[in-house]
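We did not get these values from a lab; they are worked out from the coordinates using the rules stated. From a predicted model like this one, the values you see are computed outputs, not experimental measurements. We place every Cβ from the backbone using ideal geometry, glycine too, and count neighbours over all the protein chains shown.
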Amino acid sequence: MESTTAAQERVLRVDTRLGKFSQGCTVLLTALAFVLSQPWLVAVTAVVMALSALVPAASPYRLLYKWVVVPLGILRPRLVEDDPAPHRFAQGVGAVFLIAASILLFLTKATAVGWALDLIVFVLAGINLTVGFCAGCFVYYHLGRLGLLPRVRYEGGFHWRGV
Amino acid sequence: MLALLVRLGILALVAVLLFLIVRGGRWFVETRRRQALATEPLETLPGLEKLLARAGQGSEAATEKAGMEIASAVRILAFSSDDCRQCHQLQEPALRRVQAALGQRVRVIEVDAPTSPALTRRYHILTVPSTVILDAQGYAHAVNYGFASSQRLLQQVDEALAETV
């Protein structure tokens with residue numbers, strides 16, 4: 001996710017259009033994988049989302065957005081005040097679901113469960129795309145309240161505090 | 001081919017369910033917002049002095065003076081709680097920017113949601129952070145459940161100011 005530095009009066013910002021683009025792609029990929037019954041598409045989405053969560057700079061969604069979508073004028077960046085950390089966490093949750101789905105689809109006979117996980121990601125990404133409610137962020141804030149998460153702070157990079 | 005159709009059907013069903021959940025959620029929040037906007041002006045509430053005292057006015061005279069000052073300004077009730085990360089990380093800086101931009105014309109009153117049940121009930125607060133924009137007469141002009149950006153707050157305050165002048 002897009003974020004600016006502490007220099008700009010410490011305003012946390014997120015590019016919502018990049019977020020919407022990522023969610024749209026996730027919705028499309030998970031739906032296509034399910035309809036066409038292609039487990040490899042689930043695995044691809046899992047890798048893409050894991051990359052977005054772990055190394056935002058190398059996120060394929062972000063690269064596609066930055067080098068194709070924005071230059072072609074399909075979407076224009078729109079920075080809003082928001083904290084990028086929970087969104088990153090949410091993508092991580094999506095990645096975990098999809099990795100679990102891939103494992104189930106490729107290595108076990110419990111394919112129904114695998115597809116169910118795929119559809120859960122479809123639904124949650126869909127909710128975020130349409131109403132802007134980010135379920136992963138919700139979990140993030142509640143884990144933070146319960147003190148279960150190490151306090152992750154975003155300041156241009158990740159700093160782990162109080163682990 | 002049949003399998004494909006079955007899968008398409010399941011996906012359509014999931015999408016319809018998703019749509020209904022979203023519609024239901026929106027309806028629920030909008031109902032709350034309407035109820036909150038329809039409440040009486042806050043001036044009549046006896047708890048106002050207490051609120052002002054909490055907002056940082058010490059002596060009685062100061063409270064009175066602040067009360068008169070406040071009566072002619074737009075107020076923002078900012079609901080938060082100690083353990084609300086989003087309130088401190090996002091909402092408070094946004095409110096500070098609004099305050100800096102508008103100065104005397106707006107008054108931000110911090111409300112601790114867990115210890116102010118009267119106000120949270122009154123404005124049907126569902127979550128923290130929440131912000132309520134009160135116009136000069138004390139009517140709720142806008143209610144934001146969840147984080148409201150400074151642009152959004154500025155626009156709402158401007159509307160409330162235009163309404164009263």
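The table that follows gives values for the structure above.
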read-out: Scan of the stretch B:81-95 for residues that are at the interface with chain A (Cβ under 7 Å from one of its Cβ atoms), in contact with a helix residue (DSSP H, G or I) (Cβ under 8 Å, 6 or more places away or on another chain) and of a type in the set (A, V, I, L, M, F, W, C), ordered by number; value: B:Ala94
read-out: Selection from the stretch B:109-124 of residues that are within 14 Å of B:Cys87 (Cα to Cα) and in contact with a strand residue (DSSP E or B) (Cβ under 6 Å, 6 or more places away or on another chain); value: B:Ile109, B:Glu110, B:Val111, B:Ala113
read-out: Residues being farther than 23 Å from B:Arg26 by Cα and within 14 Å of chain A (Cβ to nearest Cβ) - total across the stretch B:114-148; value: 1
read-out: Some residue of the stretch A:71-78 being within 12 Å of chain B (Cβ to nearest Cβ) and under 30 Å from B:Val29 (Cβ atoms); value: yes
read-out: Every residue from the stretch A:93-131 that is more than 19 Å from the chain's Cα centre (by Cα) and either hydroxyl-bearing (Ser, Thr, Tyr) or not in a helix (DSSP H, G or I) (or both); value: A:Thr108, A:Lys109, A:Ala110, A:Thr111
read-out: Enumeration of residues in the stretch B:1-16 that are more than 8 Å from chain A (Cβ to nearest Cβ) and in a helix (DSSP H, G or I); value: B:Leu2, B:Leu5, B:Val6, B:Gly9, B:Ala12, B:Leu13, B:Val16
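Residue by residue, here is whether (1) in a strand (DSSP E or B); (2) within 17 Å of A:Arg145 (Cα to Cα); (3) touching a helix residue (DSSP H, G or I) at 6+ places or on another chain (Cβ under 8 Å); (4) polar (S, T, N, Q) holds:
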residue	(1), (2), (3), (4)
B:Ala100	no, no, no, no
B:Ile109	yes, no, yes, no
B:Ala118	no, no, no, no
B:Leu126	no, yes, yes, no
B:Val132	yes, no, yes, no
B:Asn144	yes, no, yes, yes
